[in-house]
Amino acid sequence: MKKIAIFASGNGSNFEKIMENIQVGFLDQIEVTSLITDKREAFAIERARRFRLPVHIIEPNQFESKASYEAQILKTLQREEVEWVILAGYMRLIGPTLLNAYEGKILNIHPSLLPSFPGKNAIGQALEYGCRVSGATVHFVDSGMDTGKIIDQMSCPIYETDTIDTLQLRVQNLEYELYPRVIKKLIND
Ligand code: GRF
């Protein structure tokens with residue numbers, strides 16, 4: 001079995017989809033050791049409980065530096081013998097402490113066709129620019145904001161009538177397919 005940890009700061013729907021893909025046997029070689037979150041109010045925590053999955057709430061403001069915050073996360077990952085880190089709506093840049101320990105083994109998903117629209121509000125920006133296509137990207141994580149090498153993408157149209165909500169829904173549905181697929185290819189098989 002390949003051990004992974006999932007990091008989430010908020011809603012956690014991508015996290016849940018990965019868990020479901022494990023339950024139905026699509027990801028039959030993956031074991032999620034825990035959910036790691038930086039936000040005690042993250043809804044992802046509630047989802048983790050439903051799967052009886054351990055949750056580590058590690059809040060950066062409890063530490064004197066980013067390095068010591070990440071050192072605490074690293075200790076947790078090492079204790080659980082985690083091999084891969086899967087970011088799913090984790091709203092922080094990964095610093096050198098984690099990057100050095102997990103080089104090439106940290107993945108992220110982003111709701112745009114990178115390199116367009118890294119960072120926050122990717123969906124809103126695509127609409128504002130009048131883009132006619134959007135999509136989702138899974139990429140390796142480096143020290144930049146959504147700048148690591150792209151692993152796979154899926155695209156969808158943007159319609160004249162779209163709002164942030166309708167486009168977000170379309171892109172998230174791509175994400176639910178794309179992330180498990182990449183995890184299967186890269187880690188599971
Ligand atoms: C997703 O759109 C993902 O691409 C981005 O943050 C969002 C997280 O959504 N990184 P959720 O928490 O998985 O519902």
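Data for the structure
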quantity	calculated
Residue satisfying condition, being without any contact (Cβ under 8 Å) to a residue 60 or more places away in the chain, aliphatic (A, V, I, L, M) and surrounded by fewer than 18 Cβ atoms within 10 Å (Cβ to Cβ), within set Leu98, Leu53, Leu35	Leu53
Single match in Val138, Val85 (criterion: in contact (Cβ under 8 Å) with a residue 12 or more places away in the chain and farther than 26 Å from Glu59 by Cβ)	Val138
Tally of residues being in contact (Cβ under 8 Å) with a residue 40 or more places away in the chain, touching a Ser or Thr at 6+ places or on another chain (Cβ under 9 Å) and within 16 Å of Ile86 (Cβ to Cβ) across the range 144-171	1
Scope the range 165-182; condition near the ligand (Cβ under 8 Å from one of its atoms) and open to solvent by 60 Å² or more (accessible area, probe 1.4 Å); matching residues	Gln168
Qualifying residue in the range 104-114 (condition: under 29 Å from Ile57 (Cβ atoms) and surrounded by fewer than 16 Cβ atoms within 10 Å (Cβ to Cβ))	yes
Sole residue being buried (at least 17 other Cβ atoms within 10 Å of the Cβ) and within 11 Å of the ligand (Cβ to nearest atom), chosen from Gly119, Gly148, Gly135	Gly135
Test for Gly10: is it out of contact with any helix residue (DSSP H, G or I) (no Cβ under 6 Å at 6 or more places or on another chain), in contact (Cβ under 8 Å) with a residue 24 or more places away in the chain and within 14 Å of the ligand (Cβ to nearest atom)	yes
Residue match in the range 154-161 (condition: of a type outside the set (Val, Ile, Thr), in a loop (DSSP other than H, G, I, E, B), modelled with pLDDT of 95 or more and more than 20 Å from Ile18 (Cβ to Cβ))	yes
The range 1-38 - residue that is assigned to a loop (DSSP other than H, G, I, E, B) and more than 18 Å from Arg181 (Cβ to Cβ) and, of those, farthest from the chain's Cα centre (by Cα)	Met1
Which listed residue is open to solvent by 40 Å² or more (accessible area, probe 1.4 Å), within 16 Å of the ligand (Cβ to nearest atom) and either modelled with pLDDT under 95 or not in a helix (DSSP H, G or I) (or both), from Glu41, Glu64, Glu46, Glu81	Glu41
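The values are calculated or read from the model by the stated rules, or taken from the named source; none is laboratory data. Predicted, not measured: the structure shown is a model, and the values here were computed from it. All Cβ positions, glycine included, derive from the backbone under ideal geometry; neighbour counts span all protein chains shown. To get the accessible areas, we keep the full protein, side chains included, count just its heavy atoms, and leave off ligands, DNA and RNA. Shrake-Rupley method; radii C 1.70, N 1.55, O 1.52, S 1.80 Å.
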